[in-house]
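> Sharing a structure with you now.
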Amino acid sequence: MPVPIRRLCVALTLCCALVAGATACGSSAHTSTKTTTGTTAAAAALEAATPSPSTSAERQKFAKTRFVANAGLAAGATYHWIVKPWKAGKFKKGAHGRKRALVKAALAGAFAYNRLKAAQRNAKGDPLLSKALAPLTAGIASLKDLPAKLRKGDGNAAGSFEDVINQVKDAGKSAGAPVKDKVPSAHQLTQGG
């Protein structure tokens, strides 16, 4: 696939700038290596005064925010591409558009599983969320087999997916992180999260 000339020029310019910057910042043989106790102490004081990127309270808040975002995307994908078609009977053998519905459900299932695993990792940053999600680990892991179950015509597979999503939403709500469905775009589905 040909690359536009403008991208090549930008890449070449950036590379040249990086090389020039690296050579300008390089050390020279004439640089003095003497340090005094005063400069070492000042450097240590400056390093100690440097704030950390985030406090534990901020990390917990971000964990909840990430959990809500990931669980919301999983819930939206599940409802829109798995539960709705399942209730409409699109997964039944002989149904019009069954193959297309199954492909979308498989993509949505993989996406939702990926986002639920990410939400599970995010929940570990908040003690309350972690405790609320602990019993759901086996349920989330069982969702990995959804596409195969749907292809075989297992009508309960979509229902079990919906149950796990509702349990995750309830766990989030009990931990102070209410989850709302957010339907991901088709691009997000194909990219896997």
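The values are calculated or read from the model by the stated rules, or taken from the named source; none is laboratory data. Not measured: the values here are computed from a predicted model. Positions of Cβ are backbone-derived with ideal geometry, glycine not excepted, and every protein chain shown enters the neighbour counts. Quick note on the areas: whole protein, heavy atoms, side chains included, nothing else; ligands and nucleic acids left out. Shrake-Rupley method; radii C 1.70, N 1.55, O 1.52, S 1.80 Å.
> With the condition kept exactly as written, say whether any residue in the stretch 168-185 is open to solvent by 70 Å² or more (accessible area, probe 1.4 Å), touching a helix residue (DSSP H, G or I) at 6+ places or on another chain (Cβ under 9 Å), closer than 30 Å to Ala95 by Cα and not in a loop (DSSP other than H, G, I, E, B).
Checking the stretch 168-185: not a single residue is open to solvent by 70 Å² or more (accessible area, probe 1.4 Å), touching a helix residue (DSSP H, G or I) at 6+ places or on another chain (Cβ under 9 Å), closer than 30 Å to Ala95 by Cα and not in a loop (DSSP other than H, G, I, E, B).
> Go through the stretch 149-184 and report how many residues are closer than 19 Å to Leu102 by Cα and touching a Lys or Arg at 6+ places or on another chain (Cβ under 9 Å).
Selection size over the stretch 149-184: 7.
> Within the stretch 122-144, how many residues turn out to be without any contact (Cβ under 8 Å) to a residue 12 or more places away in the chain and surrounded by 15 or more Cβ atoms within 10 Å (Cβ to Cβ)?
1
> So, Arg115, is that one open to solvent by 70 Å² or more (accessible area, probe 1.4 Å), modelled with pLDDT of 85 or more, assigned to a helix (DSSP H, G or I) and in contact with a helix residue (DSSP H, G or I) (Cβ under 6 Å, 6 or more places away or on another chain) or not?
no
> Additional query: Cβ contacts < 8 Å: first residue more than 20 Å from Arg115 (Cα to Cα), restricted to the stretch 76-101; second residue aromatic (Phe, Trp, Tyr) and crowded, with 19+ Cβ neighbours inside 10 Å, any location; separation 6+ or different chain. Result?
Listed by first residue and then by second, the contacts come to Pro85/Phe91; Arg98/Phe91; Ala101/Phe91.
> Could you name every one of the helices (runs of 4 or more DSSP H) located completely within the stretch 25-108 that has at least 2 residues being surrounded by 11 or more Cβ atoms within 10 Å (Cβ to Cβ) and modelled with pLDDT of 90 or more?
Hits in the stretch 25-108: 56-78, 84-88.
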